[in-house]
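Trainee: Take a look at this one; I'll ask things after.
Any read-out appearing in this document is the output of simple, stated calculations on the displayed coordinates, not a laboratory observation. Note that this is a predicted model, so its numbers are computed, not measured. Quick reminder, even Gly has a Cβ in these numbers, built from the backbone with ideal geometry, and neighbours come from all protein chains shown.
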Amino acid sequence: MIKWHSKQNRHSGRKSLTLYLAGITIIAVLLMLLNLPYTQAYFSKYKKSDSLTMLVIGADSITITGPEAIDLPSSSTEGGDEEGIALLAVDTAWAVYQAEVLDQFGRPLPDEAVIWDILDGPHTGISLSRNGELSITPEAAPGIYTIVAISASDKNVMAFFEIELVAPETDENDEDPGDEPGEDPAPTDEDPAPGDDEPGD
């Protein structure tokens, strides 16, 4: 009886040791699974998606509005206001342009700033301020120019807007008031005065 109990105790001890080792093995396998690359990728996918969701909500496109054609000023130009184009002085014209930054859903981002520039600039007689105010002097050459608005938060987001500087119209040569159509030319010394008889009468 005593030997039987001691043998039973040995079997119970081996069984407990086996269960203990099995538990450690299971824990080790679980730790290895957690460190596998696909497991890390699975969990990191959610972390990346959260960060990307925050980054994607930003500048996606820009819309520019303003005059498309501007008359070049001349020294005889007087102050005035016509279709958004005004004259600051006798020899300077200006126009204001506005840029609206939109996100990927087409919603405006009022807090987004833009950087203004003129493509292939600088150009003589043309300057564009940081607020989108375009000033033009008579030294500017007529032609097509391109205004650029770049998102301050993402330099890859930009918009282009073409404008045309139109040369001032020149007056045609004034005709002599006496030579206007429908009027007889003024008499000259070679023409006989009205009522004079021709020689031989």
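Trainee: For the pair Thr124/Ala141, report the inter-label distance in nm, with labels modelled 7 Å from Cα in the Cβ direction.
Mentor: Rounded to a tenth, the inter-label distance reads 0.8 nm.
Trainee: Fully extended, how many nm does the chain gain between Leu102 and Glu162 (0.36 nm per residue separation, minus their Cα-Cα distance)?
Mentor: That works out to 19.6 nm of additional length.
Trainee: For each of Glu133, Glu68, count neighbouring Cβ atoms within 10 Å of the residue's Cβ, then give the residues from fewest to most.
Mentor: Lowest to highest Cβ neighbour count: Glu68, Glu133.
Trainee: Starting with the fewest neighbours, write out Val157, Val114, Val96, Val29 ranked by other beta-carbon atoms found within 10 Å of each beta-carbon.
Mentor: Val29, Val96, Val157, Val114
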